[in-house]
1. Looking at the range 182-190, is at least one residue more than 23 Å from ILE108 (Cα to Cα) and either surrounded by fewer than 17 Cβ atoms within 10 Å (Cβ to Cβ) or among the polar types (S, T, N, Q) (or both)?
2. Among the residues of the range 200-237, how many are free of Cβ contacts under 8 Å to residues at least 24 places away in the same chain and either out of contact with any strand residue (DSSP E or B) (no Cβ under 6 Å at 6 or more places or on another chain) or closer than 16 Å to MET257 by Cα (or both)?
3. Pick out the one residue from TYR155, TYR146, TYR179 that is of a type in the set (Phe, Trp, Tyr) and modelled with pLDDT under 90.
4. Return only the number of the condition from (1) over 15 Å from LEU111 (Cα atoms); (2) touching a residue at least 24 places away in the same chain (Cβ under 8 Å); (3) loosely packed, with under 14 Cβ neighbours inside 10 Å that ARG249 does not satisfy.
5. Among the listed residues VAL161, VAL120, identify the single one that is assigned by TED's automatic domain parsing to the domain that holds ILE218 and either touching a residue at least 60 places away in the same chain (Cβ under 8 Å) or within 25 Å of the chain's Cα centre (by Cα) (or both).
6. Filter the range 12-26 for residues that are within 28 Å of the chain's Cα centre (by Cα) and either modelled with pLDDT of 85 or more or not in a strand (DSSP E or B) (or both) and give the result.
7. ILE226: in contact with a helix residue (DSSP H, G or I) (Cβ under 7 Å, 6 or more places away or on another chain) and over 23 Å from ARG160 (Cβ atoms), yes or no?
8. Just the residues that are closer than 18 Å to PRO174 by Cβ, exposed (fewer than 15 other Cβ atoms within 10 Å of the Cβ) and not small (Gly, Ala, Ser), please, taken from the range 231-242.
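The values are calculated or read from the model by the stated rules, or taken from the named source; none is laboratory data. From a predicted model like this one, the values you see are computed outputs, not experimental measurements. In this analysis, Cβ positions are derived from the backbone assuming ideal geometry, glycine residues included, and neighbour counts consider all displayed protein chains.
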Amino acid sequence: MPIAESELILSEGHLNDKRLSASVSFLPIRLSDGRILNMEIKRSKKTRRFWLKADMSGIYMVVPENNYEINQAIKFLESKKLWILRTVKYYERARIKCGSDEIQSNSISFLGKMYRVILVKDTRFSITISNALSKITFHVTNLRQYKNEIKHWYYNETRRVIAERLGSIVEMNPMLPVYNKVLVKDHKSRWASCSEKKNLNFSLLLAALPVHLIDYVIIHELAHLIQLNHSKKFWEVVKGMDPEFQAHRKMLNKYSMLIRCTSIN
């Protein structure tokens with residue numbers, strides 16, 4: 001069945017009640033692969049429109065607190081069926097690839113370890129890390145903008161760990177050309193890059209990785225100072241600094257999936 005033909009399955013009670021009342025907690029939707037997904041409905045005083053949110057716990061639909069007609073909700077979900085199916089399959093693959101025990105919603109990775117995030121409103125920003133309990137408590141000044149404060153924390157931690165590891169790696173490899181600047185950026189799709197001007201750019205989430213993979217990412221970019229490509233010569237340079245680079249590349253792919261799946265809700 002083509003995805004365009006997938007259909008919503010509503011109970012008779014839902015159809016008789018044209019308003020999306022507070023008693024409606026789920027709307028079933030049949031996807032093109034035959035499965036029926038119970039779409040959870042969450043109401044919000046702040047939103048004025050329908051939107052979808054997905055994480056490892058599932059997909060849910062956010063609606064305005066005031067009642068809306070079921071037909072409006074159906075129309076919205078109909079327009080998002082392709083996205084819903086792709087997202088469901090994405091998280092299924094993530095669980096298989098990463099292992100479901102490692103993935104939780106409202107969790108982050110720091111230096112290769114998963115931590116549960118606890119948010120506390122406070123007058124200034126601070127953090128408390130409990131390795132024993134595998135949790136990080138963020139004291140934030142604004143609960144609505146806590147993601148920005150956590151990003152800023154990642155930014156500082158990534159700068160710190162790069163300063164420690166970059167100097168050590170360069171010292172062990174004196175044949176490397178001199179780099180220009182080291183920049184930490186909010187990269188969306190890559191861990192790092194090296195520009196023609198010999199600037200080394202790193203994702204602010206680099207501190208999410210274990211140290212040996214941070215070293216690999218740094219080595220990868222330092223190798224671009226010699227070969228600004230991914231030719232055979234480039235990988236020879238990488239291997240000279242990291243003999244286990246192939247294993248590290250595979251591990252980095254796993255962490256890329258894991259970190260995307262454990263973003264803060």
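1. Applying the first criterion (more than 23 Å from ILE108 (Cα to Cα)) to the range 182-190 yields 182.
With the extra rule that they be either surrounded by fewer than 17 Cβ atoms within 10 Å (Cβ to Cβ) or among the polar types (S, T, N, Q) (or both), the set shrinks to 182.
Yes, that holds for at least one residue.
2. Of the residues in the range 200-237, 11 are free of Cβ contacts under 8 Å to residues at least 24 places away in the same chain and either out of contact with any strand residue (DSSP E or B) (no Cβ under 6 Å at 6 or more places or on another chain) or closer than 16 Å to MET257 by Cα (or both).
3. On the way: TYR155 fails: modelled with pLDDT under 90; TYR179 fails: modelled with pLDDT under 90.
From the options TYR155, TYR146, TYR179, the qualifying one is TYR146.
4. Against the list (1) over 15 Å from LEU111 (Cα atoms); (2) touching a residue at least 24 places away in the same chain (Cβ under 8 Å); (3) loosely packed, with under 14 Cβ neighbours inside 10 Å, ARG249 comes up short only on (3).
5. Numbers: VAL120 fails: assigned by TED's automatic domain parsing to the domain that holds ILE218.
None of the other options fit; the residue is VAL161.
6. Start the filter on the range 12-26 by keeping residues that are within 28 Å of the chain's Cα centre (by Cα), which leaves 25-26.
SER25, the sole residue that qualifies.
7. Details: in contact with a helix residue (DSSP H, G or I) (Cβ under 7 Å, 6 or more places away or on another chain): yes; over 23 Å from ARG160 (Cβ atoms): yes.
Here the answer is yes, as ILE226 does meet what is asked.
8. Of the range 231-242, the ones closer than 18 Å to PRO174 by Cβ are 236-242.
After this cut, where a residue has to be exposed (fewer than 15 other Cβ atoms within 10 Å of the Cβ) as well, the list is 236, 239-240.
Selection gives GLU236, LYS239.
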